1. For the pair GLU225 and ALA146, how long in nm is the line joining their label points, each one 7 Å along Cα→Cβ?
2. ASP41 to ASN198: FRET efficiency via 1/(1 + (r/R0)^6), r the Cβ-Cβ distance, R0 41 Å, to the nearest 0.05?
3. For the cross-link pairs LYS193/LYS257; LYS2/LYS131; LYS14/LYS107; LYS54/LYS83; LYS54/LYS137, which exceed 20 Å when the distance is taken from alpha carbon to alpha carbon?
4. Using a Gaussian network for the chain with springs between C-alpha atoms less than 10 Å apart, which of these wobbles most: GLU197, GLU56, GLU232?
5. Could you calculate the contour length gain from ASN175 to LYS14, that is, 0.36 nm times the residue separation minus the distance between their Cα atoms, to one decimal place in nm?
6. Kindly provide the GluC sites (Glu not before Pro) of region 1-44 that DSSP labels as loop, not H, G, I, E or B, and whose Cβ sees at most 14 other Cβ atoms within 10 Å.
7. Identify, among TYR204, PHE166, HIS178, the residue whose Cα sits farthest towards the positive end of the charge dipole of region 165-216, taking +1 on the Cβ of Lys and Arg and -1 on the Cβ of Asp and Glu, with the dipole about the Cα centre.
8. Evaluate E = 1/(1 + (r/R0)^6) for HIS72 and ASN264, where r is the Cβ-Cβ distance and R0 equals 41 Å; express this FRET efficiency to the nearest 0.05.
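Read the figures in this text as sums done on the coordinates, not as results from a lab. All figures in this text were calculated on a predicted structure; none of them were measured in a lab. Every residue, glycine among them, receives a Cβ derived from its backbone with ideal geometry; neighbour counts consider all protein chains shown.
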Amino acid sequence: MKIISTLYELNNLKQVLNLVDGIIVGNKEIGTRLTHSFTIDEIIEITKTSQKMKKEVFISANQIFNDDQLNHFEKIIKQLPLKDVSGIVVADLGAYRKLKSLGYAHKTIYNPETLLANVYDFNFLSSFDLKGVYIAKEITLEDVIAIGKQKKYEMFMVGHGHLNMFYSKRQLIDNFMHYQEQDNIYHERQDMKIIEENRPDDPYPILEDDAGTHVFRSQVFSSLEYLFELKEVVDYLIIDTLFKDDQYLYRIGPLYKDENIDLNVITDIQKTYQEVWDDGFFHKKTIYKSKGNL
């Protein structure tokens, strides 16, 4: 199992790469929920440096595109060093079709967030010559292992970070500020949270970027305690440092790299970043309750 992470600062690239097997970076014109939007030239530089260090690079191109945006996606993607990267993460099958027409179907990684929750759905696109797909975030550890044992291509999984649980293409904060007749100074800020009246002690991180509005789980999902089981089925485990910084990766990266549960270090990290870790949905079955008789 390889560990890849996000990146905040270009100047920290080498130090980050020393802790992981690769990184995932993007540009805001085609990617969303990015720690940082890197320019085309910066992504080219990141790729060259990573190659020299024998590390992998993945491009995040995970926006949902309309027709005009899809044509723009093709324009941007053609400028990126696709021959030298390990993969391109997409959430839109239209983006896959564009990549296929360019000869890069085999480097496409499909991430539809919540959809791939069983063996059939996970393997459904195996005939598309994809490199791999992301497993759904809201399934149990038991299901992850069961799917992984029957996978037909590489499995990607978010292994640490705030899990995204709501996404709208609408600029909801911008709409609210416009209604209030105020300038929107909150666009792309990573220090905002939603606090519900009936759950004042459980604030949700919220991010508005060019691709829309995103709300995340308040707790930080950590798979650290389950690496022994996961490494048997997961090919790439992603550490998402969104809402943190590269220094955060410096501290948790060694824990994942060495499979080391150091409670003193973990407690110190949680205190420093004022966060709570949990195991997400690993032991929480999703149950759908119907209204009335079917």
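1. 2.2
2. 0.30
3. Checking Cα-Cα distances, LYS193/LYS257; LYS14/LYS107; LYS54/LYS137 exceed 20 Å.
4. Looking only at GLU197, GLU56, GLU232, the biggest GNM fluctuation is shown by GLU197.
5. Stretched fully, the ASN175-LYS14 segment lengthens by 54.0 nm.
6. Taking region 1-44 and a limit of 14 other Cβ atoms within 10 Å, the loop GluC sites (Glu not before Pro) found are GLU9.
7. Comparing the listed Cα positions along the dipole, PHE166 ranks first.
8. The pair HIS72/ASN264 has a calculated efficiency of 0.25.
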